[in-house]
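Quick note: the coordinates plus some simple rules give every number you see, no bench work behind them. Computed from a predicted model, the values in this text were never measured in an experiment. Don't worry about glycine lacking a Cβ; one is built from the backbone with ideal geometry, like all the others, and counts go over all protein chains shown.
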Amino acid sequence: MKFGAQVSCYRNTWDSIREVAEIMDAGPWESIWFADHYLPPPGRKEEEHLTAHEAFTVAAAVAGITSTLRIGHLVLGNTYRNPGLTAKMAGTVDHISHGRFVLGIGAAWFEREHEAYGWDFPSMKERQDRFEEAAQMLRALFHDSRASFDGSYYTLEDAPLSPGSYDAPIPILVGGTGEKRTLRTLARYGDVMNLDGWAGGPMTKDYFHHKVSVLNAHCEAEGRDPSEIRHTVLMPTMVTDDSAAAEAFMRGRRLGEGTAAGPKSYVIDRIGEIVGAGADEIMIGGIPTEDVDQYHLVAEEVLSQFA
């Protein structure tokens, strides 16, 4: 079973991020993931002055100081960068890491940071339309290293991608599990599904199976072999015997039923249910970056149960 962790880029220092990355690289972790925001989410005005490290820059730095971890984002916002620029950055990080990069990307949702930095924040429909075009472009560039594209929002004119994918094509992780558009885009152009526990849905095997079944139906409609797509889960996690702290963790983030917050045995059971449901990888989220002891605890007391 593969396990990764989403490491916060916010309200902290680069040195704390680096320390966690080095600890993970030396431990049982398979992958490290970063979110992509320019203001600390969820967007409280009084916190806008706090640090929000730029996600691609952090990924490149981590690629240079690690040797085993796969590196990616949960997830990049498509509206922040032209997809051609995203592809160039992805190819560069894939070469820095010698083929360990995964391109995680979604349609974007954080309206306030678009306002703050002068970026357009289109309607949900237009963001989904843009995202689908971007995913098609990225797949073409990662697989062929040169592409032309003439869409409603984006174009490529015989554009090379050099450096491109280091060896195998860079995998595309599609952020979100919207059943009408997002999972269809994944079936057409993606390689990895991610069920995001921060979105508030129940973290149960039934919910996981439902989303996979919707994806499989889109794959059938698109003529795609469902076995080509990996299924991953981002699981917010808090190991604590303090029931009040676990409740506050759940309530403060509006997390869904089945989230892994509670005593060690409960966390193991919750993660075990998702492992048993057939997930290919689970990303642990919510461990404070400055609390390196928690990374050791989760690795030694929780992940070891699935070795």
L173 being touching a residue at least 12 places away in the same chain (Cβ under 8 Å), over 28 Å from I274 (Cβ atoms) and crowded, with 19+ Cβ neighbours inside 10 Å: no
Residue within the stretch 25-32 that is hydroxyl-bearing (S, T, Y) and crowded, with 16+ Cβ neighbours inside 10 Å present: yes
Any hit, the stretch 69-85, residues being in contact with a Pro (Cβ under 7 Å, 6 or more places away or on another chain) and not polar (S, T, N, Q): no
Residues of the stretch 135-165 satisfying the condition of being in contact with a Pro (Cβ under 9 Å, 6 or more places away or on another chain) and at positive phi: S145
Scope the stretch 38-61; condition under 23 Å from T232 (Cα atoms) and either touching a strand residue (DSSP E or B) at 6+ places or on another chain (Cβ under 6 Å) or among the small types (G, A, S) (or both); matching residues: A55, V58, A59, A60
Leading residue by the ranking (surrounded by the most Cβ atoms within 10 Å (Cβ to Cβ)) among those in the stretch 218-230 that are outside any strand (DSSP E or B) and within 23 Å of the chain's Cα centre (by Cα): I229
Residue match in the stretch 231-248 (condition: of a type in the set (D, E, K, R) and within 22 Å of L173 (Cβ to Cβ)): no
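Here's the yes/no breakdown for (1) under 19 Å from the mean Cα position of the chain (by Cα); (2) over 26 Å from M124 (Cβ atoms); (3) touching a residue at least 24 places away in the same chain (Cβ under 8 Å):
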{"site": "R188", "(1), (2), (3)": "yes, no, yes"}
{"site": "D196", "(1), (2), (3)": "yes, no, yes"}
{"site": "H210", "(1), (2), (3)": "no, no, no"}
{"site": "T232", "(1), (2), (3)": "yes, no, yes"}
{"site": "T237", "(1), (2), (3)": "yes, yes, yes"}
Spans of helices (runs of 4 or more DSSP H) in the stretch 66-172 with at least 2 residues within 18 Å of the chain's Cα centre (by Cα): 83-96, 124-144
Test result for E48, within 15 Å of the chain's Cα centre (by Cα) and exposed (fewer than 15 other Cβ atoms within 10 Å of the Cβ): no
Unique residue being surrounded by fewer than 18 Cβ atoms within 10 Å (Cβ to Cβ) and either closer than 19 Å to G77 by Cβ or without any contact (Cβ under 8 Å) to a residue 12 or more places away in the chain (or both) when the list is D167, D150: D150
Check on W29, closer than 30 Å to Q305 by Cα, part of a loop (DSSP other than H, G, I, E, B) and in contact with a strand residue (DSSP E or B) (Cβ under 7 Å, 6 or more places away or on another chain): yes
